[in-house]
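Have a look at the structure below, then the notes.
Every read-out reported here was derived from the displayed coordinates using simple, explicitly stated rules and does not represent laboratory data. What you see is a predicted model, and the numbers here were worked out from it, not measured in a lab. No Cβ is skipped: glycine too gets one built from the backbone with ideal geometry, and neighbour counts run over all protein chains shown.
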Amino acid sequence: MDNYNTASVESVTKAVKRKEPKWGQTWREYKKNKYLFFMLIPVLIWYAIFHYGPLYGVLLAFKDFSPRLGIIGSPWVGLDHFKFLFFQSPDFMRIFRNTVLISIYNIVFGFPAPIILALILNEIRSGWFKKIAQSISYVPHFFSWVVLSGIVIVMLSPSEGPVNYLLNMVGIEPIYFLADTDYFRSTLVGTGIWKEIGWGTIIYLAALTGIDPTLYEAAVIDGANRRKQIWYITIPSILPVISIMLILSLGGILNAGFDQIFNLYNPAVYEVADVIDTYVYRAGIVGAQFGLTTAVGLFKNVIGIMLVLGANYVVKKMGQEGVL
C-alpha cells in the first residue's frame, strides 16, 4: 500500500511538472471553437480594409502631397505641417478651443442625460406608457442631421418658429438661436441631447435589468424609500457600465459632431462654432491641403488615445472595470 501511495504521489508530481503551457491551452481553445472564429473572418477583413488599410495615408501628414507624384513620390516635409498648425496658423487655436469646449459641454450635459432618462423609465410602472415614452425618445436617432437640421431651423426661426412665438407671448424678444454667438453652443448641446438621449438609454436599461431584485426587497424591509434605493442600489450597480461609457466618450472628445455643426452653423457664428472637423472639410476637401488636414487628424487621434488611456487608468484606480 505504501508503494502504491508513493507511486501515486510521484505520478501527480510529474503531471504537475508537465503542465501544459498557457499558449498550448489557448491554442486548444481556438481549435475547439474554430467554426466560431471562421465567422469572424468577414469582420476582420472589413477592419483590415477600411480601418487599418487607410493608416497608410498617415504619411501625408509628413509630406507635401502632390496628386501627380502620389504618396510615395511626394517630398518629405517632416513636422512642417504641425509647426504651421501650432505656431503659424491664425485659426487653429480658436478652432481647437471651440472643439474642446463643445465636446466638454456635450460630456457634462449630454453624458448624464441618458442615464437620468433610463433611471426615470426604470421607475415607471405602467408598461404601455413606458413603451410609448421609449419609442418617442428613440425616434430622432434614426434621422440624419440633414433632416433634423431643417426641423431645428424651422422650430427656432425668429420670425415663424414656435419657440420664438411662445417667447413672444410672454414678452421676450425673438432670439436668433442659430445666428447668435451667445446661444449657438447651447443650441448645439440641446439638440444633440434631443437626438441621442433615447438611443443612449438602451445600454443603461439593459444594465438595470441585471440588478438582483432581492436587493430592493431587502432595502424595503430596512425602510429605504425609492430615492435611497436608486442612490444606494441602482446607481452603484450600473456604475461599471457608466465608467466604460465615460471612457469611450472621452476618447472622442475632439469629435464635436461634424454633421450637426455643418448643417446648423453659418458665417455669423464661425467664432464659436468652427471646430476641427469643419476646418478639415474646408482646408482638405475644398482647399485640397491634404497634408495639413492629415496632420490635424493625426493630432486629434493622438489626443483621443491619450485621453482613453488616462481615463482608463483613473477608473481602474477607483476600483471600477476599464476597457483595457
**Asked** What is the calculated FRET efficiency for I71 to I305, with r their C-beta to C-beta distance and R₀ = 22 Å, to the nearest 0.05?
**Response** 0.40
**Message:** Can I get the semi-axes of the range 131-239's equivalent ellipsoid? Compute them from the C-alpha gyration tensor as square roots of 5 times the eigenvalues, in angstrom, largest first.
**Reply:** 40, 18, 12
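What full-extension length gain, to one decimal in nm, is calculated for V147 and F86 as 0.36 nm per residue of separation minus the Cα-Cα distance? Please list the in-between numbers first.
Working: separation 61, 0.36 × 61 = 21.96 nm, distance 3.61 nm.
Gain in length upon complete extension: 18.4 nm.
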**Asked** For the range 232-324, what is the per residue volume of the convex hull drawn over the alpha-carbon atoms, in cubic angstrom?
**Response** 128 Å³
**Prompt:** What nm distance separates the two modelled labels at Y281 and Y35, each placed 7 Å from Cα along Cα→Cβ?
**Reply:** 4.8 nm
**Asked** How far is it, in nm, from the label point at E217 to the one at I230 when both lie 7 Å from their Cα along the line to the Cβ?
**Response** 2.4 nm
**Request:** Starting from 0 in steps of 20 Å, tell me what percent of the Cα-Cα pairs of the chain lands in each bin.
**Result:** 21, 45, 26, 7, 1, 0
**Message:** Over the Cα atoms of the range 109-168, each weighted equally, I'd like the Debye log10 I(q)/I(0) at q = 0.13, 0.23 Å⁻¹, rounded to two decimals.
**Reply:** -0.55, -0.95
**Request:** Return the distance in nm (one decimal) between the two label points of a simple spin-label model at I132 and L55, each offset 7 Å from Cα along Cα→Cβ.
**Result:** 5.2 nm
**Message:** As I understand it, the value is the acute angle between the Cα axis of helix 184-209 and the longest principal axis of the Cα atoms of the chain; what does it come to in degrees, rounded to 10?
**Reply:** 20 degrees
**Prompt:** Under a 5 Å amide H to amide H cut-off, with H placed in plane at 1.01 Å, what residues pair with K63 once short-range neighbours are removed?
**Reply:** V77
